[in-house]
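Enquirer: Before I ask anything, here is the structure I am working with.
The values are calculated or read from the model by the stated rules, or taken from the named source; none is laboratory data. Keep in mind it's a predicted model, so treat the numbers as computed, not measured. Every residue, glycine among them, receives a Cβ derived from its backbone with ideal geometry; neighbour counts consider all protein chains shown. Heavy atoms of the whole protein, side chains included, go into the accessibility calculation; ligands, DNA and RNA do not. Shrake-Rupley method; radii C 1.70, N 1.55, O 1.52, S 1.80 Å.
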Amino acid sequence: QVQLEESGGGLVQAGGSLRLSCAASGSTFSIGSMGWHRQAPGMQRESVATISSGGRTNYADSVKGRFTVSRDSAKNTVYLQMNSLKPEDTAVYYCHAITIPLRNYWGQGTQVTVSS
């Protein structure tokens, strides 16, 4: 079992920055890739950024050049640095981990609100 706890959400003006953190606990040795998804009201949950155990990253086109995902394996923590935030980035952001054997884990979510 893996537990994920997010922190760092909040309210920010357009153009501002936020940094999200997600600390994993439990069977962290089994974690492969980690990342962030988001879900806006009335919308489907979408992948924002992922990072593999080897450090390979992937981003949604809508956040490329603005968001950076990173990972501290020693701390079992994944981060999402969000710069140049836009009102359309407003959503609940969820941390995600995939373990080996294959199983998906989710955090409880943290609200990010970007005002115009």
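Enquirer: Exactly one condition in (1) more than 18 Å from GLY9 (Cβ to Cβ); (2) surrounded by 15 or more Cβ atoms within 10 Å (Cβ to Cβ); (3) touching a residue at least 40 places away in the same chain (Cβ under 8 Å) is not met by LYS75; state its number.
Expert: (2)
Enquirer: For the range 78-112, enumerate the residues that are open to solvent by less than 50 Å² (accessible area, probe 1.4 Å) and of a type outside the set (A, V, I, L, M, F, W, C).
Expert: Filtering the range 78-112 down to residues open to solvent by less than 50 Å² (accessible area, probe 1.4 Å) leaves 78-80, 82, 85, 89-99, 105, 107, 109-110, 112.
Residues satisfying the conditions are TYR79, ASP89, THR90, TYR93, TYR94, HIS96, THR99, TYR105, GLY107, GLY109, THR110.
Enquirer: Every residue in the range 1-58 that is basic (Lys, Arg) and under 14 Å from TYR94 (Cα atoms), please. Step through it out loud before you land on a result.
Expert: Here is the first cut: in the range 1-58, the residues basic (Lys, Arg) are 19, 38, 45, 56.
Once the filter is applied, which keeps residues that are basic (Lys, Arg) and under 14 Å from TYR94 (Cα atoms), the range 1-58 yields ARG19, ARG38, ARG45.
Enquirer: Here is a follow-up. Can you pull out the residues in the range 27-46 that are surrounded by 15 or more Cβ atoms within 10 Å (Cβ to Cβ) and in a strand (DSSP E or B)?
Expert: Scanning the range 27-46 gives ILE31, SER33, MET34, GLY35, TRP36, HIS37, ARG38.
Enquirer: Same structure again: Which residue is most open to solvent (accessible area, probe 1.4 Å), if the candidates are limited to the range 2-17 and must be assigned to a loop (DSSP other than H, G, I, E, B) and on the phi > 0 side of the Ramachandran plot?
Expert: Residue satisfying both the conditions and the ranking: GLY15.
Enquirer: Of everything in the range 63-89, what is in contact with a Cys (Cβ under 7 Å, 6 or more places away or on another chain) and under 12 Å from ARG38 (Cβ atoms)? Give them in sequence order. Please lay out each step first, then the result.
Expert: Pass one, the range 63-89, residues in contact with a Cys (Cβ under 7 Å, 6 or more places away or on another chain): 77-78.
Residues satisfying the conditions do not exist here.
Enquirer: Continuing with the same structure: Of all residues in the range 73-93, count the ones that are over 16 Å from SER25 (Cα atoms), assigned to a strand (DSSP E or B) and not small (Gly, Ala, Ser). Even if it seems obvious, please write down each step before you answer.
Expert: Of all residues in the range 73-93, those over 16 Å from SER25 (Cα atoms) come to 80-93.
If we keep only those that are assigned to a strand (DSSP E or B) too, we end up with 80-82, 91-93.
Add one more test, that the residue is not small (Gly, Ala, Ser), and what stays is 80-82, 92-93.
Of the residues in the range 73-93, 5 are over 16 Å from SER25 (Cα atoms), assigned to a strand (DSSP E or B) and not small (Gly, Ala, Ser).
Enquirer: Which members of the range 104-113 meet the condition of being in a strand (DSSP E or B) and in contact (Cβ under 8 Å) with a residue 40 or more places away in the chain?
Expert: First pass over the range 104-113, keeping only residues in a strand (DSSP E or B): 104-106, 110-113.
Residues satisfying the conditions are TYR105, TRP106, THR110, GLN111, VAL112, THR113.
Enquirer: Now a separate question. Under 9 Å by Cβ, and 6 or more places apart or on different chains, what pairs join a residue from the range 32-46 that is more than 19 Å from ARG19 (Cα to Cα) with one that is of a type in the set (D, E, K, R) and open to solvent by less than 30 Å² (accessible area, probe 1.4 Å)?
Expert: Partner pairs satisfying both residue conditions: ARG45/ARG38.
Enquirer: Something else: Looking only at the range 57-70, count every residue that is open to solvent by 60 Å² or more (accessible area, probe 1.4 Å) and either closer than 19 Å to ALA23 by Cα or touching a residue at least 40 places away in the same chain (Cβ under 8 Å) (or both) and tell me the total.
Expert: Adding up the residues that qualify gives 1.
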